[in-house]
Amino acid sequence: MQAMSPAAAGPVLSLRGIVKSFPGVRALDGVHLDLHPGQVTALIGENGAGKSTIVKVLTGIYQPDEGQIIVDGAETRFPTAQAAGQAGVTAIHQETVLFDEMTVAENIFIGHAPRDRWGLIDRRAMRDRARRILDAIGADLDPSARLVDLGIASKHLVAIARALSIDARVVIMDEPTAALSHKEIHELYELVEKLKAQGKAILFISHKFDEIFRIADRWTVFRDGQFVAEGAMADVTESDLVQMMVGRAVDQIYPKRPARIGPPALTVAGYCHPTEFEDISFTLHQGEILGFYGLVGAGRSEVMQALFGITQPSKGACRIGDQVRAIRSTAQAVEAGIVYVPEDRGRQGAVKGLPIFQNVTLPSLARTSRAGFLRLAEEFAMARDYTQRLDLRAASLDQDVALLSGGNQQKVVIAKWLATRPRVIILDEPTKGIDIGSKAAVHDFMSELAAEGLAVIMVSSEIPEVLGMSDRIIVMREGRIAGEFSGDRMTPENLVRAAVGLAGTDSGAAA
Amino acid sequence: MTTANPATTGRQIPDRLGSPAARALKSWEALLLVTAIAIFILNSLASPYFLDPWNLSDATFNFTEKAMIAFAMAMLIVAGEIDLSVGAIIALASTVMGVAMAAGAPTPVLVLLGLGTGLACGAFNGLLVARFGLPSIVVTIGTMSLFRGISYIVLGDGAFTGYPPAFAWFGQGYVVWVITVELVIFALAALAFGILLHRTNFGRMVYAIGNNATAARFSGIRVDRVRFILFLLTGLMSGIAAICLTSRLGSTRPSIASGFELEVVTIVVLGGVSILGGSGTIPGVVLAAFVMGLVTFGLGLLNVPGIVMSIIVGALLIAVIALPRLWRMARGA
């Protein structure tokens, strides 16, 4: 590990020993970060490394539990977003919040519009200044145009203009190229050069290594909320960075049992979607746990939801067992034996407001009822069986599922699907944000199911989990399969390289 | 229906906590029942004519037609949707029957046309909501003008009168003694919808959709199909109400049943159905229909003018919606 090397010019902004905890998670654990005037610092790390949290600390949205924020050598605090703005820190966010019904100029100056002598908004001054800022970043947009009439890339330029409308000394760019085309990315690079020349310090967050090597001067790596190392881009290679991102070996114990891989349970051939994914083909076998790894936004959930009938693929076929099935609704998916435990548990998971037992039997009512009439005794029996198998903790089966903890709600969702006796179960980030105990129970249960011959797909962004639980791993990147790994090739380095587009596979698949 | 090998790792979770009787006592329905009895007693004290059986029989006309629709509307609102076009469906169905009657159609044909028009209107609403994903409040505000607009085009300032004597049975007939045909239809509808919502798979799906339509879809429920059927049922009940109302009035005017939609929604909400969807019962709606009927009839006996009556009904509605919330706020403070 490299020691912190003080840069030639003193940093304009430094973070020292920042700690930020949320219930159950230590999102930032004593990290530091230096931003130097006229330099681009790339912040690198896996999903969950703490990158977004640090951006929120820098922009006054989160207050750190411990640590110092130092601006120009003096310790300071950013109690509000306005305070961060006054200190000259501005951010262009991953998902920009803009106002569709307002004009470009209004969006740029929202919250700090120029005033006339009556204290009213000076529209002419606002338009003129918006014009100047837009010109400075080379954006050919009409300040009076309404946002709703602009494309996504133009909106992004408005977001950048908004960030620059305050007299910023530190500009944070959080995945700024995610929504941009090749040409626009190029223009963004020029803009970054311009900002550098003006002496602004830039924090550049990106997963794309080609970008980082092209425009960054310095790098900092975070892992699991901790600072790993920093240095100059000139002194580092891609492999070094990947090594630092991944760090430790798989150090947790996973209850993976040796699998007896059976015949194919699900064969997907050439699945395409107009916007989300392309040419997805794979085979899943009985008794197998197939891991899907990738960065957030790689299109994994979208593929799974297409298999579950939430969306329809534009092309491609899907075979369950040896039958070709076109799945057009979730009801058909359940009938075909494919079930899906969603990542977005709040909206898509358990039906809050209904009691536990009714949640469990919801997709199995045809079996618990007679001639369409409910039989509560049968429902309680089914719910009792499956919730017991999952070691659910609840006061009664008649209790509203909303009163359960996140982990126990997740168990209700899994119980619901097991009661349908599926052939294929898809678990999308099954342990994200749930407590350690429930996590272990879910892992245990997954291996038990696979051992019983169920075919399991696990989408996970946690490298230790995906390595610890899977028999085979498919890595997705930008809507495509970027690699498939099994046996000795299932290493953290291989997964991360494929996910960021460095692998020897089809890494040129960028849009 | 049990698995071959239910592993007994987990501890036993009881099915239910607390007795059903204790729960029933604290329910909204119990409160409505008490209210209904109180208004009944007040009415009998206020007017010596109130307790006369024939008088009570007349009182039922105040709510039977609206309540029939309210049962279907209750299911729709439990599912998180609404249909504001029910009054207009009655107008259109009544107009269609009027046109057929003028052409000499016999009573059975009139009845079939009334039901068919109701179903067709419900299917149209359902298609726009379930197939095209439009919000039901907007769709049915639109069809409210559309359906009644057609009646106005057909009728202008005129009216259809002269329905055949046999047709009068639905709105003016008695089954036995003081029990009207409409009251029997009301009771049968209450039973049918009570069973449908509380005792069938379909009813369970309605609750699931009303609590979280996305999660219901992610549980393999055909959400759009359920929604479509609910609009169809509401259309059908509006058609039945159109037959009863037209038969009782003996005429069709384009303004028939105007304002019905709000009174129907009032009964449903008074019955304890959450306007946000997800909860409510048919027994609650039955009791609410009685309460509404008793209040308006009692006020009528006291010669309270119609405009004052609507003020009182409006205040009653706001009061019953606000009371539980105020109660909780008072206890929370």
Region B:125-181 - residue that is among the β-branched types (Val, Ile, Thr) and buried (at least 20 other Cβ atoms within 10 Å of the Cβ) and, of those, modelled with the lowest pLDDT = B:Thr180
Output yes when any residue across region A:373-388 is within 30 Å of A:Thr283 (Cα to Cα) and touching a Ser or Thr at 6+ places or on another chain (Cβ under 7 Å), and no when none is.
-> no
Those residues of region A:41-60 that are without any contact (Cβ under 8 Å) to a residue 40 or more places away in the chain and under 19 Å from the mean Cα position of the chain (by Cα) come to a total of 1
Exactly one of (1) touching a residue at least 60 places away in the same chain (Cβ under 8 Å); (2) crowded, with 18+ Cβ neighbours inside 10 Å; (3) closer than 23 Å to A:Asp140 by Cβ is unmet by A:Leu191. Its number?
-> (1)
Being surrounded by 21 or more Cβ atoms within 10 Å (Cβ to Cβ) and closer than 22 Å to A:Phe22 by Cα narrows A:Glu46, A:Glu66 down to just A:Glu46
Options A:Ala383, A:Ala377: the member that is hydrophobic (A, V, I, L, M, F, W, C) and within 16 Å of A:Thr420 (Cβ to Cβ) | A:Ala383
Out of region A:473-494, which residues are aliphatic (A, V, I, L, M), in contact (Cβ under 8 Å) with a residue 60 or more places away in the chain and either under 13 Å from A:Phe277 (Cβ atoms) or not in a strand (DSSP E or B) (or both)?
-> A:Ile474, A:Met476, A:Ile481, A:Ala482
Residue tally, condition in contact (Cβ under 8 Å) with a residue 40 or more places away in the chain, charged (D, E, K, R) and either within 9 Å of chain B (Cβ to nearest Cβ) or under 18 Å from B:Arg199 (Cα atoms) (or both), over region A:390-418 = 3
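Residues that are of a type outside the set (Gly, Ala, Ser), more than 24 Å from B:Ala192 (Cα to Cα) and touching a helix residue (DSSP H, G or I) at 6+ places or on another chain (Cβ under 8 Å): which helices (runs of 4 or more DSSP H) entirely in region B:48-114 hold 2 or more of them?
Counting at least 2 such residues, we get B:86-102.
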Hey, B:Ile275 hits all of (1) at pLDDT 95 or above; (2) surrounded by fewer than 23 Cβ atoms within 10 Å (Cβ to Cβ); (3) more than 14 Å from every other protein chain (Cβ to nearest Cβ) but one; which does it fall short on?
-> (1)
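When you scan region A:339-348, do you find a residue that is of a type in the set (A, V, I, L, M), touching an Asp or Glu at 6+ places or on another chain (Cβ under 8 Å) and within 23 Å of A:His443 (Cβ to Cβ), even just one?
Yes, some residue in region A:339-348 is of a type in the set (A, V, I, L, M), touching an Asp or Glu at 6+ places or on another chain (Cβ under 8 Å) and within 23 Å of A:His443 (Cβ to Cβ).
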Flagged in region B:260-318 as over 18 Å from B:Thr35 (Cβ atoms), under 17 Å from the mean Cα position of the chain (by Cα) and not charged (D, E, K, R), in numbering order, are B:Phe260, B:Leu262, B:Val264, B:Val265, B:Ser274, B:Ile275, B:Leu276, B:Gly277, B:Gly278, B:Ser279
Within the bounds of region A:199-214, is there any residue that is touching an Asp or Glu at 6+ places or on another chain (Cβ under 7 Å) and surrounded by fewer than 21 Cβ atoms within 10 Å (Cβ to Cβ)?
-> yes
What number of residues in region A:75-129 are surrounded by fewer than 19 Cβ atoms within 10 Å (Cβ to Cβ), without any contact (Cβ under 8 Å) to a residue 24 or more places away in the chain, aliphatic (A, V, I, L, M) and more than 29 Å from A:Arg16 (Cβ to Cβ)?
-> 5
Would a scan of region B:229-252 turn up a residue that is over 20 Å from B:Met101 (Cβ atoms), modelled with pLDDT of 95 or more and within 14 Å of another protein chain (Cβ to nearest Cβ)?
-> yes
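In region B:115-124, is there at least one residue being closer than 17 Å to B:Arg253 by Cβ and touching a residue at least 60 places away in the same chain (Cβ under 8 Å)?
Step one: list which residues in region B:115-124 are closer than 17 Å to B:Arg253 by Cβ, which gives B:117.
Okay, now just the ones that are also touching a residue at least 60 places away in the same chain (Cβ under 8 Å), so B:117.
Looking through region B:115-124, at least one residue is closer than 17 Å to B:Arg253 by Cβ and touching a residue at least 60 places away in the same chain (Cβ under 8 Å).
Condition (residue is farther than 21 Å from B:Pro20 by Cα, at the interface with another protein chain (Cβ under 9 Å from one of its Cβ atoms), at pLDDT 90 or above and not in a helix (DSSP H, G or I)) applied to region A:421-432: is it met by at least one residue?
yes
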Please enumerate the residues belonging to region A:296-330 that are of a type in the set (A, V, I, L, M) and out of contact with any strand residue (DSSP E or B) (no Cβ under 7 Å at 6 or more places or on another chain).
-> A:Val296, A:Ile310, A:Ala326
Determine which member of the set A:Ser314, A:Ser329, A:Ser369 is at the interface with chain B (Cβ under 7 Å from one of its Cβ atoms), surrounded by fewer than 23 Cβ atoms within 10 Å (Cβ to Cβ) and more than 30 Å from B:Asp15 (Cβ to Cβ).
-> A:Ser329
Would you point out the residue of region B:287-333, among those that are outside any helix (DSSP H, G or I) and surrounded by 10 or more Cβ atoms within 10 Å (Cβ to Cβ), that is modelled with the lowest pLDDT?
-> B:Leu302
If we scan region A:292-309, do we find a residue that is within 14 Å of chain B (Cβ to nearest Cβ) and over 26 Å from the mean Cα position of the chain (by Cα)?
-> no
Selected residue (criterion: nearest to B:Leu232 (Cα to Cα)) from residues of region B:193-211 that are in contact (Cβ under 8 Å) with a residue 60 or more places away in the chain and facing chain A (nearest Cβ under 7 Å) | B:Tyr207
Every residue from region B:13-51 that is acidic (Asp, Glu) and under 27 Å from the mean Cα position of the chain (by Cα) | B:Glu29
In region A:134-158, which residues are surrounded by 21 or more Cβ atoms within 10 Å (Cβ to Cβ) and part of a helix (DSSP H, G or I)?
-> A:Leu134, A:His156, A:Leu157, A:Val158
Name the residues in region A:372-389 that are more than 8 Å from chain B (Cβ to nearest Cβ) and hydrophobic (A, V, I, L, M, F, W, C), would you?
-> A:Leu376, A:Ala377, A:Ala383
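The values are calculated or read from the model by the stated rules, or taken from the named source; none is laboratory data. All values derive from a computational prediction rather than experimental measurement. Note that each Cβ is placed from the backbone with ideal geometry, even for glycine, and that neighbours are counted across all protein chains shown.
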